[in-house]
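The values are calculated or read from the model by the stated rules, or taken from the named source; none is laboratory data. All values derive from a computational prediction rather than experimental measurement. All Cβ positions, glycine included, derive from the backbone under ideal geometry; neighbour counts span all protein chains shown. We work out accessible area using only protein heavy atoms, side chains counted, and drop any ligands, DNA or RNA first. Shrake-Rupley method; radii C 1.70, N 1.55, O 1.52, S 1.80 Å.
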Amino acid sequence: TPHYHGRDIAVMRGYMEGVTVVLGSATPSLESHLNAIDGKYVLSQLTKRVEVRVMPIIHVLDLRQEFRKGRSRDRDEGGSDETKKESVKATKSNLLAPRLVNAVTERLAKREQVIIFLNRRGYATSLQCPQCGHSEMCPHCSVPLTFHRSAQRLVCHLCDHVAPAPTQCPQCHFDNYKYSGVGTERVEEAIDEAFPKARIARMDSDSMRGKDAYRRTLQAFSDGLIDILVGTQMIAKGLHFPNVTLVGVVNADLALGLPDFRASERVFQQLMQVAGRCGRGVVEGEVFVQTRTPFAPAIQFSRHHDYNGFAEQELDFRRSLQYPPYKRSILITWRGRDEDKTRYMAEQSAKQIMDLVGTDAEGLGPAPAPIYKIKDHYRFHLYLRAARVQPLSRKLRPLMLDATWPDDIRVTIDVDPVMLL
């Protein structure tokens, strides 16, 4: 507090000081893109890769079909025994499509390097009893606990609550939990099974705990001591390894279902960024994107490296619903340990706010936040949209900032929020 966007602060600071501000990105935000279209920003485009390298070919693998086709192909077309065995192992894990496994096998045979990307850490994102349906939930947050197999523990990635992994269901005492969801730890295990001779490393916030772990791992990868690098978004951008010729994206559509209108934009940006990690040397690169929603715009436009096409369609969608960047927005959040009291304060305050702003803004809420509870605090959102934010701020300032709130209720105001969860 106060909440602010570093980019917007930099632009305003440059305006106040009379200096030029340079915003650089392979995947600019739609706000910046629209500012460039409208002439508020000067647009300068880089139309060629460094050293005029060819952009990688992106293959979209529909997981609804891939495993069935892969088994049929191995049975009917033949192929080397080694490739068949690795394909069978990966297919059993149900994580890596046979086409991806075969492509990795070919690249490793040529002594080239591979990056496997999944923006989820841990082994499984939830544990559920198949007999009674009980799920292991965080006692402090309204999210499932993530299972970390290496440490045999359950972890909440919001509040860092840690609990030992149960050996049986506490409700019905069934002793065979079902693992749901996939994390980098499980992907690393599947890759190790499929490619036992390959040198594999994992980069996420769990494995990079040591002081120099990040630097040492990247140095080893640069020196060719690692064949396959598995990781989260920390390996998705800013890295230059000319010997990386293949990138595999596991479950590319994980974030598409989040209740946030920017979900598609974030998925598109991640795919474009991680695709840029391969084919940076003399060998042309390939990207394999595994998904169960192959026709989602974020995936199809990234397949063709078409930022302008995605931006045009997404901006049409935002315009039709009057979401940013066509409207400004304010997110007001009430948080408190007492659920009923917090709801009451949010409802009463929201009524005052809507009476105050009148027709200057459209309000959605108050409603429970998508992540309803974090660190034992219940959360309620009021989302405001308006053509201009300054008149709104002037009206809200005395009500929100000068108000005396109960000690156990916290209120935050986020102008132009980037996350709605």
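Below are the figures for this structure:
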item	result
Spatial separation of Cα centroids for the range 149-210 and the range 303-318, in angstrom	36
Accessible area of the chain belonging to carbon and sulfur atoms, whole % at 1.4 Å probe	50
Cβ charges +1 (Lys, Arg) and -1 (Asp, Glu), total dipole of the chain, debye	340
R0 of 45 Å, Cβ-Cβ distance Arg7-Gln352: FRET efficiency to nearest 0.05	0.90
Helical contribution to [θ] at 222 nm, DSSP H n ≥ 4, -39,500 (n - 2.57), averaged over the chain, rounded to 500	-11000 deg cm²/dmol
Phe317-Lys237 pseudo-label distance in nm [points 7 Å out on the Cα-to-Cβ vector]	1.9
Counted charge near Cys141, where neighbours are those whose Cβ lies closer than 11 Å (Asp, Glu -1; Lys, Arg +1)	+1
Residue-normalised accessible area of the range 156-263, expressed per residue, 1.4 Å probe, Å²	49
Accessible area of the range 303-385 divided out per residue, in Å², using a probe of 1.4 angstrom	50
Computed accessible area, Ser32, all protein chains, 1.4 angstrom probe, square angstrom	20
Approximate spin-label separation Gln171-Glu31, in nm, with each point projected 7 Å along Cα-to-Cβ	4.2
Relative pair counts by distance (%), Cα atoms of the chain, 20 Å bins	22, 51, 26, 2
Length added when fully stretched, Arg199-Val19, from 0.36 nm per residue minus Cα-Cα	59.9 nm
Rounded, prolate or oblate (a/c below 1.5 giving rounded, otherwise prolate when a/b exceeds b/c) for the range 181-309 by Cα gyration tensor	prolate
